[in-house]
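Asker: Below is one structure. I have some questions about it.
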Amino acid sequence: MKLSMIVAMSANNVIGVANQLPWHLPKDLKHFKKHTINKPIIMGRNTFDSIGRALPERDNIVLSRTQQLSHDQIFLANNKSDALRMAEDFAKSRGSEEIMIVGGEQIYRMFFDDVSRIYVTLVDLIIDGDAFFPVIDYKIWTSVDHSERMTANELEYKFVTLEKLS
Ligand SMILES: NC(=O)c1ccc[n+]([C@@H]2O[C@H](COP(=O)([O-])OP(=O)(O)OC[C@H]3O[C@@H](n4cnc5c(N)ncnc54)[C@H](OP(=O)(O)O)[C@@H]3O)[C@@H](O)[C@H]2O)c1
């Protein structure tokens, strides 16, 4: 089973501010959907609060130590191993071969050493924020695919797929 991350980050690794995305990039949301649809997704409780709803056509697994989430389309996990076990079961029943870690900072850090692929949206911007993606070591990670540079709302960005070198 492949374990992958998907993230959009600024040039200084910012992924969020005040529990929101720092940008509005409609094509990035489509890119996120393309890579998560029909797969289990694992997220932290803050990210779930930020999205505010379960994402359709995906198994939404939310990590929380404290919350009793009663949302009927959410699967609550109290720890990492439970989250992974649930995701593997969901992936098998869907016939999916990839589990997606979708943030935020705490959850990316928790799984960073376990993933072998990262779908990164690199936003060409230096900004202040309060949530960050771990530093990517390009001696360990290599680009296997990338898009053209695109522009939206005066921001330049591109999609890059990274694979961990074995
Ligand atoms: N740019 C992007 O691609 C992207 C993607 C996703 C999120 N984000 C941003 O990231 C930010 C949120 O990140 P964050 O670090 O604040 O929060 P987060 O990682 O989304 O969630 C943190 C929460 O997860 C739970 N948790 C953490 N470790 C756990 C463990 N070992 N076992 C069980 N539960 C655990 C805790 O929930 P409880 O407090 O309920 O116990 C914790 O408060 C927001 O700004 C969001 O917009 C950006």
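Quick note: the coordinates plus some simple rules give every number you see, no bench work behind them. Please read all numbers here as calculations on a predicted model, not as lab measurements. FYI the Cβ positions are ideal-geometry reconstructions off the backbone, even for glycines, and counts take in every protein chain you see.
Asker: Counting only residues that are assigned to a helix (DSSP H, G or I) and not polar (S, T, N, Q), how many does region 106-121 have?
Answerer: From region 106-121, those assigned to a helix (DSSP H, G or I) are 106-111; that's our starting set.
Within this subset, residues satisfying the condition of being not polar (S, T, N, Q) are 107-111.
Selection size over region 106-121: 5.
Asker: Also, quick follow-up: Could you list all residues from region 131-158 that are acidic (Asp, Glu) and loosely packed, with under 12 Cβ neighbours inside 10 Å? Let's see the steps before the verdict.
Answerer: Quick first cut of region 131-158, residues acidic (Asp, Glu) only: 137, 145, 148, 154, 156.
Answer for region 131-158, where residues must be acidic (Asp, Glu) and loosely packed, with under 12 Cβ neighbours inside 10 Å: Asp137, Asp145, Glu148, Glu154.
Asker: How many residues does region 4-59 contain that are of a type outside the set (Asp, Glu) and in contact with a Phe, Trp or Tyr (Cβ under 7 Å, 6 or more places away or on another chain)?
Answerer: Taking region 4-59 first, the residues of a type outside the set (Asp, Glu) are 4-27, 29-48, 50-56, 58.
Then drop every residue that is not in contact with a Phe, Trp or Tyr (Cβ under 7 Å, 6 or more places away or on another chain), which leaves 4-7, 9, 13-15, 25, 31, 35, 40.
Qualifying residue count for the region: 12.
Asker: Report the residue count in region 129-147 for those that are of a type in the set (Asp, Glu) and in contact with a strand residue (DSSP E or B) (Cβ under 7 Å, 6 or more places away or on another chain).
Answerer: So the first thing to find is which residues in region 129-147 are of a type in the set (Asp, Glu), and the list is 130, 137, 145.
Those still in the list that are in contact with a strand residue (DSSP E or B) (Cβ under 7 Å, 6 or more places away or on another chain) too: 130, 145.
Adding up the residues that qualify gives 2.
Asker: Has region 136-155 got any residue that is closer than 21 Å to Arg53 by Cα, touching a residue at least 40 places away in the same chain (Cβ under 8 Å) and out of contact with any Ser or Thr (no Cβ under 7 Å at 6 or more places or on another chain)?
Answerer: Here is the first cut: in region 136-155, the residues closer than 21 Å to Arg53 by Cα are none.
Within region 136-155, not a single residue is closer than 21 Å to Arg53 by Cα, touching a residue at least 40 places away in the same chain (Cβ under 8 Å) and out of contact with any Ser or Thr (no Cβ under 7 Å at 6 or more places or on another chain).
Asker: Another question, if that's okay. Filter region 122-166 down to residues that are small (Gly, Ala, Ser) and part of a strand (DSSP E or B) and give me whichever is nearest to Gln106 (Cα to Cα). Can you show your working first?
Answerer: So in region 122-166, the residues small (Gly, Ala, Ser) come out as 129, 131, 143, 147, 152, 166.
Right, trim to part of a strand (DSSP E or B) and you get 131, 143, 152.
Working: Ala131: 9, Ser143: 24, Ala152: 28 Å.
So, considering only residues that are small (Gly, Ala, Ser) and part of a strand (DSSP E or B), the one nearest to Gln106 (Cα to Cα) is Ala131.
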